[in-house]
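S.K.: Structure in structure tokens, see below.
What follows is calculated from the coordinates using simple rules that are stated; it is not laboratory data. Bear in mind that the values here come from a model prediction, so they are computed numbers and not experimental data. Virtual Cβ from ideal backbone geometry, glycine too; neighbours counted across all protein chains shown.
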Amino acid sequence: MNLPNKLTILRVILAPLFLILLVVDFPHNYIAALVVFVAASITDLLDGKIARKHNLITNFGKFMDPLADKMLVHAAFIGFLYRDIGWGMLWINFIMLTREFLVTSVRYMAATNGKVVAADIWGKLKTVMQMVAVIATIFFEWVISLGFVPDALATGIRILDDVLLWVSAILSVISGINYLVANKEFFAK
């Protein structure tokens with residue numbers, strides 16, 4: 001197994017650890033969760049760069065890399081839902097999971113036809129936005145949890161977090177529609 005694939009597997013392993021750190025109460029759990037999330041996000045940047053630079057792109061990587069991203073990001077959104085962080089997290093989760101099920105179904109149909117469909121630019125943009133939204137939300141929840149932020153500022157910060165989370169949900173819809181349209185050939189078979 002090559003290095004990019006090992007980094008992808010590491011991200012799969014870090015996803016449940018991150019979720020545990022996010023939802024279990026202990027001093028500074030948010031910052032611990034944030035460190036793990038950022039480390040896992042860095043593996044996402046590195047595995048793709050290394051794979052492209054050294055021509056180590058594999059079908060395993062094309063399939064598992066987006067799956068590892070989904071595990072990590074959805075661990076965050078499930079954790080936010082559990083902690084009641086973010087306005088409309090139930091709907092954000094529903095939107096994003098629906099998109100992922102549709103895209104995974106298309107990938108499965110492509111695989112049964114001998115093709116591996118990699119993520120496109122919209123999927124990558126969605127993933128980056130999700131990671132930015134998650135990092136900002138966890139960081140600000142940690143800052144707010146310290147108790148030094150006035151209520152009015154905390155409200156403003158949470159509105160910003162909501163906007164970032166909803167932008168990532170909207171990008172999920174756009175990238176999902178783009179993915180379905182770009183791969184419509186698999187629906188005709």
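S.K.: Give a quick list of trypsin sites (Lys or Arg not before Pro) in region 75-143 that DSSP marks as loop, anything other than H, G, I, E or B, with at most 15 other Cβ atoms within 10 Å. Walk me through the intermediate numbers first.
M.R.: Values: sites: Arg83, Arg99, Arg107, Lys115, Lys124, Lys126; in loops: Lys115.
Answer in residue order: Lys115.
S.K.: Suppose only helical runs count, i.e. DSSP H with n ≥ 4. What mean residue ellipticity at 222 nm does that imply for the chain under -39500 (n - 2.57) per run, divided by all residues and rounded to the nearest 500 deg cm²/dmol?
M.R.: Values: 6 runs with 152 residues, N = 189.
Value at 222 nm, helices only: -28500 deg cm²/dmol.
S.K.: Let me ask something else. Kindly write out, for region 7-21 in residue order, the coupling ³J(HN,Hα) from the Karplus curve 6.51 cos²θ - 1.76 cosθ + 1.60 (θ = phi - 60°), rounded to whole Hz, with x marking Gly and Pro.
M.R.: Per-residue couplings from phi come out as 5, 5, 4, 4, 5, 4, 6, 6, 4, x, 4, 4, 4, 4, 5 Hz.
S.K.: Still on this structure, please answer the following. Can you give the log10 of the normalised intensity I(q)/I(0) at q = 0.12, 0.15, 0.18 Å⁻¹, computed with Debye over equal Cα scatterers of region 3-187?
M.R.: -0.59, -0.88, -1.19
S.K.: Apply the Karplus parameterisation 6.51 cos²θ - 1.76 cosθ + 1.60, with θ equal to phi minus 60°, to every residue of region 32-49 and state each ³J(HN,Hα) to the nearest whole Hz, in sequence, with x for glycine and proline.
M.R.: Karplus values, whole Hz, x for Gly and Pro: 5, 5, 4, 4, 5, 4, 5, 4, 5, 5, 5, 4, 5, 5, 5, 4, x, 5.
S.K.: Determine the dipole magnitude for the chain: charges of +1 sit on the beta-carbon of Lys and Arg, -1 on that of Asp and Glu, nothing else is charged, the reference point is the Cα centre, and the result goes in debye to the nearest 20. Write down the numbers at each step before the final one.
M.R.: Values: 16 positive and 13 negative charges, 181 e Å.
Rounded to the nearest 20 debye, it is 860 debye.
S.K.: May I pose another question? In degrees between 0 and 90, to the nearest 10, how far off the longest principal axis of the chain does helix 59-83 point, with axes built from Cα atoms?
M.R.: 20
S.K.: Less than 25 Å apart at the alpha-carbon level, and either on another chain or at least 8 residues along: which lysines does that give for Lys70?
M.R.: Here the lysines satisfying the reach criterion relative to Lys70 are Lys6, Lys49, Lys53, Lys62, Lys115, Lys124, Lys126, Lys184.
S.K.: Mind pulling the angle between the C-alpha long axis of helix 121-145 and the longest principal axis of the chain? Nearest 10 degrees, somewhere in 0 to 90.
M.R.: Compared with the principal axis, the helix lies near 20 degrees.
S.K.: What's the center-to-center distance, using Cα atoms, between region 74-104 and region 14-52 in Å?
M.R.: Centre-to-centre (Cα) distance: 17 Å.
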